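Structure record follows, encoded as structure tokens.
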Amino acid sequence: MGLKKLVAGNWKMHGLSNDLDEVKAIATAAAVYPAVDVALCVPAILVERAARAVPGFAIGGQDVHHAEKGAHTGCTSALMLLDAGASLTIVGHSERREAQRESDSEVKAKAEAALSVGLGVILCVGESLEVRDGGGAVAAVMQQLDGSLPDDIDGEAELAVAYEPIWAIGTGKIPTESEISEMHAAIRARLRERYGDAGSGIRILYGGSVKSSNAAEIFAIRDVDGALVGGASLKNQDFVPIVAAAAAVSGK
Ligand code: PEP
């Protein structure tokens, strides 16, 4: 039997107080699908209000600083996110790897900082179109994994990996079924090499232009244990059908 699917929304820099109604609507609708884990990663400033609005529903951050505390103006520590009510955080999203020039070692330190306080982690990896076209996608993602996976995953908090080809994010383009399948199998093998049996229990999400129209097809691919969803997670009517598709593939 496959792993329980996780469908996580990444709101990126979207969301004001008014949008808490959308968080509530999503949490209410998602409760109908207990066979799927659902989470929303909202802007840091909304985490506390979102978590208070939907007790028991998983609210996450989108990034975390690797240090416990200190002179890091504008940054958010793992403990701050946890204290605000988050239960998980994204790390290493390609938009941060690119715009903030985050390195693999920095992403690894962020993942370790989050896990150490009990925050679940969705660690993102993914290749550019240039690398994909050059035939180096799997090698590039393996290199990212080698550099950014945390050393220790023995704690309570869960590590998940999101495969997000950069060229598929927000573009409406998605890799073929065999490209997704090849990459997820390679990630699974690397996780097993790295963590032994525990590597089989790490959820591998696909991310990049997931919508209600393609979700069922993507979820049916072996080793796709869920999705990280950007644009289609902002509205209940777009996001919940993706959760429903995950539930249907899980036979629930
Ligand atoms: C993302 O940025 O994590 C993402 C998957 O975005 P989208 O679903 O909009 O492609």
**Item:** Size of electric dipole in segment 87-168: Cβ of Lys, Arg +1 and of Asp, Glu -1, about Cα centre, debye, nearest 20
**Value:** 200 debye
**Request:** Would you pull out the residues with amide H under 5 Å of Gly2's amide H, same chain only if 5 or more places away, H placed 1.01 Å from N?
**Result:** none
**Prompt:** Under 22 Å Cα-Cα from Lys24, which lysines qualify once same-chain neighbours fewer than 8 residues away are excluded?
**Reply:** Lys5, Lys12, Lys211, Lys235
**Prompt:** Using all Cα-Cα distances in segment 162-252, what percent lands in each 5 angstrom bin from 0 up to the longest?
**Reply:** 3, 15, 25, 24, 18, 11, 5, 1
**Prompt:** Can you list the residues of segment 77-99 with backbone N under 20 Å from a point 7 Å past the Cα of Ser128, pointing along Cα to Cβ?
**Reply:** 92-99
**Item:** Computed FRET value (nearest 0.05) for Ala139 with Lys173, which takes r as the C-beta separation and R₀ as 25 Å
**Value:** 0.75
**Item:** Cα-projected label distance for Ser200 with Ile221, points at 7 Å along beta-carbon direction, nm
**Value:** 2.3 nm
**Asked** Which whole-number percent is the relative contact order of segment 131-239 (Cα, under 8 Å, 6+ apart)?
**Response** 27 percent
**Request:** First measure r as the distance between the Cβ atoms of Asp154 and Asp83, then evaluate 1/(1 + (r/R0)^6) with R0 = 25 Å and state the FRET efficiency to the nearest 0.05.
**Result:** 0.60
**Fill in**
Across all Cα atoms of the chain, Rg and the largest Cα-Cα distance (Dmax), in Å, are 16.7, 49
**Message:** If I take every Cα pair under 8 Å that is 6 or more residues apart in the chain, average their sequence separation and divide by the length, what percent do I get for the relative contact order?
**Reply:** 22 percent
**Request:** Using R₀ = 25 Å, calculate the FRET efficiency as 1/(1 + (r/R₀)^6) where r is the Cβ-Cβ separation of Gln100 and Asp238; round to 0.05.
**Result:** 0.35
**Complete:** Here the tail fraction of P(r) beyond 17 Å, over all Cα-Cα pairs of segment 4-68, rounds in percent to 37 percent
**Asked** How would you rank 184-191, 81-88, 166-173, highest first, on the average number of other Cβ atoms within 10 Å across their residues?
**Response** 81-88, 184-191, 166-173
**Asked** Any idea how far apart Asn18 and Ala189 come out in nm if each label point goes 7 Å out from Cα toward Cβ?
**Response** 5.0 nm
**Prompt:** For segment 56-146, rounded, prolate or oblate, judged on the Cα gyration tensor with a ≥ b ≥ c (square roots of eigenvalues), a/c < 1.5 rounded, else prolate if a/b > b/c?
**Reply:** prolate
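Bear in mind these aren't lab numbers, they're just calculated from the coordinates by the rules spelled out. Note that the structure is a prediction, hence the values are computed from the model and not measured. We place every Cβ from the backbone using ideal geometry, glycine too, and count neighbours over all the protein chains shown.
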